[in-house]
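Below is one structure, written out as structure tokens; the observations come after it.
The values are calculated or read from the model by the stated rules, or taken from the named source; none is laboratory data. Treat the numbers as computed from the prediction; the structure is a model and nothing was measured. Note: ideal-geometry Cβ built from the backbone for every residue, glycine included; neighbour counts use all protein chains shown.
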Amino acid sequence: MNDISKLLSQIDGGIVLDAATGKGEFISVLKTHLKSYIQIIGVDNAERNVDYAQKVFPENDIEIYKMNLEDLQFEVEYFDLVCISNSLHHLEKRDNAVLEMLRVLKPGGTILITEMYCDGIQTPAQQTHIKMHHWLSGVDRLLGVYHQETYKKEELVSFAKTLGLKETNIVDFYTPVDNPIKNCESLVRNCKDTLKKLESIANSEDLIKEGKEMLVRLSEIGCASASRVLITGHKPKNK
Ligand SMILES: C[S@@+](CC[C@H](N)C(=O)[O-])C[C@H]1O[C@@H](n2cnc3c(N)ncnc32)[C@H](O)[C@@H]1O
């Protein structure tokens, strides 16, 4: 297992795109750990996330825009580094979005994909994260929001191989936690809020049952980040 901070500390980011930035969680990681960067641009198609991230990053070298990944408003070959973290499984038209991400990447530039996976040997606390994610994705789907369950590692590796990158590097990493039960206060809050929301939604009985079991699991086993893959590769110079 590797530490993502060590891997990022070897990358000069240049002009960086964080695709599907959400609330900018991965921008914080990039900002802290990249060896260097000139500018980081985060894009997301959810207005409330964009509004939030714009407030989190007031600095001049970080910009956040509302934009659909399937139709990026940037010139071809604009970015040196294009990243997508924890978001592939949110993309309804994943392949179109990734083609756009490659279009705006310079030849020789780096694409970086990180995504949690659900298989392999993972601790009971990591299994909680995976179960919680499956539950929350089920809630989103009931509400009509596109959200797949978690990929298997091999699905991510196979997907990376379809991108035609040069020098593809695939590594595992996870963020260890000292106390998995203490680690989950915000997840317990999220679980309780989601359960409250489900009470007023039709056909939610199974998800309510699952959510109540999740609360018990969080208090007995706790939670730790699931294992993730970090995939990097370069866009071929002639592509
Ligand atoms: C899990 S969140 C982002 C997580 C964040 N990148 C991180 O590393 O923690 C997934 C995001 O994908 C965004 N998203 C889904 N489809 C999108 C699309 N077609 N274009 C832009 N953003 C999209 C959602 O709005 C959501 O904010």
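For the stretch 91-100, filtering for residues that are near the ligand (Cβ under 7 Å from one of its atoms) and crowded, with 21+ Cβ neighbours inside 10 Å leaves 1. Residues in the stretch 188-238 that are among the charged types (D, E, K, R) and under 30 Å from SER9 (Cβ atoms): ARG228, LYS235, LYS237.
Sort through LYS237, LYS209 and tell me the only one that's loosely packed, with under 15 Cβ neighbours inside 10 Å and assigned to a helix (DSSP H, G or I). Before the answer, list the steps.
Values: LYS237 fails: assigned to a helix (DSSP H, G or I).
After ruling out the rest, the residue left standing is LYS209.
In this structure, does LEU30 turn out to be more than 12 Å from the ligand (Cβ to nearest atom) and closer than 22 Å to LEU102 by Cβ? No; evaluated as a whole, the condition is false for this residue. Residues that are aromatic (Phe, Trp, Tyr) and out of contact with any strand residue (DSSP E or B) (no Cβ under 8 Å at 6 or more places or on another chain) within the stretch 42-80 comprise just one, TYR52.
Applying the condition of being within 29 Å of ILE121 (Cα to Cα) and of a type in the set (Gly, Ala, Ser) to the stretch 20-37 and asking which residue is surrounded by the fewest Cβ atoms within 10 Å (Cβ to Cβ) yields SER28. The test for being touching a residue at least 60 places away in the same chain (Cβ under 8 Å), of a type outside the set (A, V, I, L, M, F, W, C) and in the same structural domain as THR232 (by TED's automatic domain parsing) does not hold for THR162. Scanning the stretch 14-27 for residues that are within 12 Å of the ligand (Cβ to nearest atom) and either closer than 26 Å to VAL76 by Cβ or touching a Cys at 6+ places or on another chain (Cβ under 9 Å) (or both) yields LEU17, ASP18, ALA19, ALA20, THR21, GLY22, GLY24, PHE26, ILE27. Comparison of ILE11, ILE40, ILE64, ILE4 shows that the only residue that is touching a residue at least 12 places away in the same chain (Cβ under 8 Å), away from the ligand (no atom under 13 Å from the Cβ) and surrounded by 19 or more Cβ atoms within 10 Å (Cβ to Cβ) is ILE11.
Of the residues making up the stretch 67-86, just one is over 18 Å from the mean Cα position of the chain (by Cα), more than 18 Å from THR110 (Cβ to Cβ) and either outside any loop (DSSP other than H, G, I, E, B) or within 9 Å of the ligand (Cβ to nearest atom) (or both), namely ASP71.
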